[in-house]
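Take a look at the structure below.
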Amino acid sequence: MKKFNIRKVLDGLTAVSSPSPSPQLGAKENELIPETLQSEHFQLCKTVRHGFPYQPSSMAFDPVQKILAIGTQSGALRLFGRPGVECYCQHETGAAVIQLQFLINEGALVSALADDSIHLWNLRQKRPAVLHSLKFNKERITFCHLPFQSKWLYIGSERGNIHIVNVESFTLSGYTIMWNKAIELSSKAHPGPVVHISDNPMDEGKLIIGFESGIVVLWDLKSKRADYRYTYDEAIHSVAWHHEGKQFICSHSDGTLTIWNIKSPAKPAQTITPHGKQPKDGKKPEPCKPILKVEYKTTRAGDPFMIFSGGLSYDTVGRRPCLTVMHGKSTAVLEMDYPIVDFLTLCETPYPNDFQEPYAVVVLLEKDLVVIDLAQNGYPIFENPYPMMIHESPVTCCEYLADCPVDLIPALYSVGSRQKRQGYSKKEWPISGGNWGLGTQSYPEIIITGHADGSVKFWDASAIMLQVLYKLKTAKVFEKARCKEEKPSTEIVDEDPFAIQLLSWCPESRMLCVAGVSAHVIIYRFSKQEITTEVVQLLEIRLQYELNDLESPEGGGDQTPAPPTPSTSPSPQTTAPQTHTSTSSNSSDGIRDNIPCLKVRSSPLKQSPGYQVELVVQLVWVSGEPPQQISSLAINSSYGLVVFGNSNGLAVVDYLQKTVLLNLGTVELYGSNDPYQRQPRSPRKSRQPSGGLCDINEGSATSEDRCKSPTSAKMSRKLSLPTELKPDLVLLSVCPPRGSIPLDNRDNSFSRSRSSSVTSIDKEAREAITSFYFCETYNRKADGGLTPSLWVGTSLGTVLAISLNMPPAGEQRLLQPVIVSPCGTLVRLKGSILRMAFLDSTGSLLPSAFEPWYEPNAPANGEERDKVRKRRPVSVSPSTSQELNENQYAVLCSEKQAKVISLPSQTCVFKHNITETSFVLRADVVQMNTGICVACFCANGHIMTLSLPGLRPLLDVNYLPLTDMRIARTFCFTNLGQALYLTSPTEIQRITYSQEVCENLQEMLGELFTPVETPEAPNRGFFKGLFGGGAQSLDREELFGESGAGKAPRSLAQHIPGPGGIEGMKGAASGIVGDLARARIALDERGQKLSEVEERTAAMMASADAFSKHAHEMMLKCKDKKWYQF
């Protein structure tokens, strides 16, 4: 193990990112702390992307490999195989993907983009790469078609022309079908862009071309002329063949389907308006919305399937988008939740000239992927196994935990499995291609997402996969307005009043605390048993900003508050919760006071196994001013405390006794030693007690004992509750309410409150609470031992301590009060405090104390429960450090700098200025395999890591400039080099900053391509083979190759080779493998054809033999007969 050397730190002053850490003099003991992490342990790379592809635009399916590809409007490509096999790629230009075509069973994919470029992707490697690109200069691409087992790609253009590309070399053929040659004199006007190209399933030499205006042309590739032209007076959207190649179907802009016989171009064989009202007088049905796509699939045993999107009647206003399945005489209209982007019918065979036997339909919606089972009555949908509903409600915050307790995922899965909906198809998910990677990561990972509708989702994120475990709906705790008129006027946000803003979770005890946008905090316990809560426990808190000293009413702590109205709650015990009526409503002059933003439900609440409400805490309106949104939150299961803060101050809640221990304005934390010159925001004639609260616990200690600050003489007044709420004080408030921050000016995207360093214009006196940390540490220089503490960080860069005097564990913990006393300022940093952590004397991370999980609803005896609930002690530092009188180090990180403070001496031993020109958005102290470090994400896009305790820069990569508040709100680091953020409203991007994970990533990623034999071609039958009538083959090489068609003009398109390097080499290698495979297939086909010829010859010889034999027998029989004997 390498010893840490200060000289090396000084040598690092030339670091690129920022000045290197500056060790303070006299910190010689720190040379003894080893630092094992070096810069070579860090490397940054993307690992995997989860969720629904944002703004999808196209889709393709390989029926042999069973892989689905989805393209998006931003040029992204998402590939899906079996659950757990996913891949994300990105086109460099970022242009929208308008069409995708698989080279079926070849491990390759062609993408056509809105910038008129086409690209060939090699899927035979774990991270697909582009092998070739072709950029059209003079034509706009509108449609592509690649026939099965062909290397010639047809490309239709906006001008109505068709070009042909060799997908192996990505060169243009000289063979072109010009629009004027295709339509000749059949139309006086330009036929419009090409909207469809496909070859006749039974004759590769015949190509059907659909033009937007309504003209369809059957083109003979060999003779280079049109065989037939079919004209209809409505625009065409799509065309589909019957597998026998004698009929095709078109979908039109007036909601009609026309079925044509290929040899009868004069008029359609049949015209259908599936959703049009049929008039009785034989007139045309009323026009409907356009049918955007139609597919025509046949079955051996029954009627064909006609499947289409759109075509609804115009009078169905407000009806959801639909997919229609017509099968025989039945028509099923399947409503979708979002608009349909595309759909594909999955069939048993890849051969277009065989019975298709459709078994499922994949429907790509704007915000969902639905797969419908065609084989079951009622067309049920398959349960989607991909993590595609991250965005079911918009994500407002994220937390990520790697290496969490091993029993956590099974526990969450067991309660979450009961939440699954019924009615899905019983069959297996049909997209089943690829193979899983050989993951070497064995530790469990959990991602928690908070959402705008108040839901919280827990995800299993182990081994780069993602699966939902459990969903918690926090909105169930509150009364819901049935209509907009019923919405309470006290709400402080127009939409999503239940949105989750912050999460604090103790994985060991499974205690969960959420803070919502309506200034509410809910504390949950985890239970495997169902319970019914008769009355939800509630605390209401007045957390207000007040500069002037207030004398609270004289009254002992044992006194109950004088009720201002009859509806005031009684003093609740742990079993007697507060009623939900507010202590004071709108006063006569209309000023809202003592009213919470949301109303907690008064009816009994049935709580399923999983997370169950323990306590609801709400901030109330104060004299017409709404409560400020909560900016920081922390829970500690060992102490039984929750603390939260905002721009007014902080409140400490004992969730075991259901009481408020401390309710302080930020200024009051400083006492008389306030370093800042603050101006009152507005004069007040009368004031409410700043410690106002509507809930006390009988028999608690006096407020002086509980909360008096030892650092200030002026703070001898009773700061915390209990205090009396006098109605005359409330009603005397006649001056205009203080100017609160206008609602429309607040960041409605639930971002954390920014500090003065970010909003430098905001010079008002408010100082927000931005960070908390529960620990057992030294709060004063003279402390001889560790004491339970709460450290508080503010937006002005101050770190303060609050001492917690805990009663003995067990029954006494529920009876005696926790005594809370502020200890004053410890240290100051530049910028808002983001993260705090503690190291022991050896430099190891000290975790917060916690209690292990126990079943809260178990009828266990008291002794057993006491044993389980003994809180886990924090380890005391080794005796070697006692000699140095330096037992702990506090790691403090703000938006601008990081400091390491030695405790109890409170001397700064290391300091590092992280950034001068930007600010840190997220900082975490993380455990790596070989040590600990500080990981930071800056607003300028830099991701950095700093060693501990020396704060040496180890990694600085310019990764991702902050383009969206979503990234700032959701970015989080966790242990073992993992991190994530929401890259789009529907997708989570996971990254790693660990060299070890980067090296193992290739093994962990799944394989998209797996060697699969192509199914046998359909048997054409003896007589079809003998007399013709089967599928006609075409030598496309002779027709489209350079020898037959010549070269295309160079100016038409520009060839761009794929990216070089290792991936390109791999692609080239696998391309050769593909060529070899094609050669083998060609040889097989040749051998098959030869054997067919041989069989046919043998059959003819046998037939000739039989005829000769029969003739000889007849001759012998008739030889001796006279002519008249016949």
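The values are calculated or read from the model by the stated rules, or taken from the named source; none is laboratory data. Computed from a predicted model, the values in this text were never measured in an experiment. Note that each Cβ is placed from the backbone with ideal geometry, even for glycine, and that neighbours are counted across all protein chains shown. For accessibility, only protein heavy atoms count, side chains too; no ligands or nucleic acids. Shrake-Rupley method; radii C 1.70, N 1.55, O 1.52, S 1.80 Å.
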Checklist entry - Quick one: in region 46-97, which of the residues that are within 24 Å of Ile448 (Cβ to Cβ) and of a type in the set (A, V, I, L, M, F, W, C) is most open to solvent (accessible area, probe 1.4 Å)? => result Val48
Checklist entry - Can you pull out the residues in region 934-957 that are surrounded by fewer than 21 Cβ atoms within 10 Å (Cβ to Cβ) and not in a strand (DSSP E or B)? => result Ala939, Asn940, Gly941
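Hey, could you check region 120-146 for residues that are without any contact (Cβ under 8 Å) to a residue 60 or more places away in the chain and open to solvent by less than 20 Å² (accessible area, probe 1.4 Å) and say which is nearest to His91 (Cα to Cα)?
Residues of region 120-146 without any contact (Cβ under 8 Å) to a residue 60 or more places away in the chain: 121, 140-146.
Within this subset, residues satisfying the condition of being open to solvent by less than 20 Å² (accessible area, probe 1.4 Å) are 121, 141, 144, 146.
On the way: Trp121: 10, Ile141: 17, Cys144: 18, Leu146: 21 Å.
The extreme case among them is Trp121.
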Checklist entry - Conditions: (1) surrounded by fewer than 17 Cβ atoms within 10 Å (Cβ to Cβ); (2) free of Cβ contacts under 8 Å to residues at least 40 places away in the same chain. Ala782 meets all but one. Number of the miss? => result (2)
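Take Lys206 and tell me if it is in a loop (DSSP other than H, G, I, E, B) and surrounded by fewer than 22 Cβ atoms within 10 Å (Cβ to Cβ).
Details: in a loop (DSSP other than H, G, I, E, B): no; surrounded by fewer than 22 Cβ atoms within 10 Å (Cβ to Cβ): yes.
Spelling it out, it is not the case that Lys206 is in a loop (DSSP other than H, G, I, E, B) and surrounded by fewer than 22 Cβ atoms within 10 Å (Cβ to Cβ).
The rows are residues; the columns are (1) at pLDDT below 95; (2) in a strand (DSSP E or B); (3) within 26 Å of Leu980 (Cβ to Cβ).
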{"position": "Thr36", "(1), (2), (3)": "yes, no, yes"}
{"position": "Ser58", "(1), (2), (3)": "no, yes, no"}
{"position": "Gly84", "(1), (2), (3)": "yes, no, yes"}
{"position": "Gln99", "(1), (2), (3)": "no, yes, no"}
{"position": "Ser111", "(1), (2), (3)": "no, yes, no"}
{"position": "Lys126", "(1), (2), (3)": "yes, no, yes"}
{"position": "Pro147", "(1), (2), (3)": "yes, no, no"}
Checklist entry - Does Leu982 fit the bill of being part of a loop (DSSP other than H, G, I, E, B) and open to solvent by less than 10 Å² (accessible area, probe 1.4 Å)? => result no
Checklist outcome for this item: Residues of region 361-393 being open to solvent by 40 Å² or more (accessible area, probe 1.4 Å) and either in a loop (DSSP other than H, G, I, E, B) or in contact (Cβ under 8 Å) with a residue 60 or more places away in the chain (or both), in sequence order, are Glu366, Lys367, Ala375, Gln376, Asn377, Gly378, Glu383, Asn384, Pro385, Met389, Glu392
Item to check | One residue from Lys283, Lys277, Lys263, Lys329 being modelled with pLDDT under 95, surrounded by fewer than 12 Cβ atoms within 10 Å (Cβ to Cβ) and touching an Asp or Glu at 6+ places or on another chain (Cβ under 7 Å) | outcome: Lys277
Checklist entry - Would you call Lys420 among the charged types (D, E, K, R), in contact (Cβ under 8 Å) with a residue 40 or more places away in the chain and open to solvent by 20 Å² or more (accessible area, probe 1.4 Å)? => result no
Checklist entry - Is there a residue in region 502-511 that is modelled with pLDDT of 95 or more, hydroxyl-bearing (Ser, Thr, Tyr) and part of a strand (DSSP E or B)? => result yes
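Just to be sure, is Pro350 in contact (Cβ under 8 Å) with a residue 12 or more places away in the chain and either under 17 Å from Leu68 (Cβ atoms) or surrounded by fewer than 17 Cβ atoms within 10 Å (Cβ to Cβ) (or both)?
Working: in contact (Cβ under 8 Å) with a residue 12 or more places away in the chain: yes; either under 17 Å from Leu68 (Cβ atoms) or surrounded by fewer than 17 Cβ atoms within 10 Å (Cβ to Cβ) (or both): yes.
The answer is yes for Pro350.
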Next on the checklist: For region 109-118, check the following and say yes or no: at least one residue is under 21 Å from Phe1040 (Cα atoms), open to solvent by 10 Å² or more (accessible area, probe 1.4 Å) and of a type outside the set (A, V, I, L, M).
Outcome noted: no
Item to check | Selection count, region 742-782, where residues are over 37 Å from the mean Cα position of the chain (by Cα) and at pLDDT 80 or above | outcome: 6
Item to check | Any chance Tyr413 is open to solvent by 70 Å² or more (accessible area, probe 1.4 Å), farther than 18 Å from Leu1005 by Cβ and of a type in the set (Phe, Trp, Tyr) | outcome: yes
Checklist outcome for this item: When region 335-346 is checked residue by residue, the ones that are modelled with pLDDT under 95 and part of a strand (DSSP E or B) are Glu335
Next on the checklist: Let me spell it out: the conditions are (1) open to solvent by less than 30 Å² (accessible area, probe 1.4 Å); (2) without any contact (Cβ under 8 Å) to a residue 60 or more places away in the chain; (3) assigned to a loop (DSSP other than H, G, I, E, B), and Lys427 meets all of them except one. Which number is the exception?
Outcome noted: (1)
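So is Glu295 of a type in the set (Asp, Glu) and part of a loop (DSSP other than H, G, I, E, B) or not?
On the way: of a type in the set (Asp, Glu): yes; part of a loop (DSSP other than H, G, I, E, B): no.
Considered against the rule, which asks whether it is of a type in the set (Asp, Glu) and part of a loop (DSSP other than H, G, I, E, B), Glu295 comes out as no.
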Next on the checklist: One residue is enough: does region 211-228 have a residue meeting the conditions open to solvent by 30 Å² or more (accessible area, probe 1.4 Å), at pLDDT 95 or above and in a strand (DSSP E or B)?
Outcome noted: no
Next on the checklist: Of everything in region 394-410, what is open to solvent by less than 20 Å² (accessible area, probe 1.4 Å), in contact with a strand residue (DSSP E or B) (Cβ under 6 Å, 6 or more places away or on another chain) and hydrophobic (A, V, I, L, M, F, W, C)? Give them in sequence order.
Outcome noted: Val395, Cys397, Cys398, Ala402, Cys404
Checklist entry - Scanning for something under 23 Å from the mean Cα position of the chain (by Cα), open to solvent by 10 Å² or more (accessible area, probe 1.4 Å) and closer than 23 Å to Lys830 by Cα, does region 993-1000 turn up at least one residue? => result no
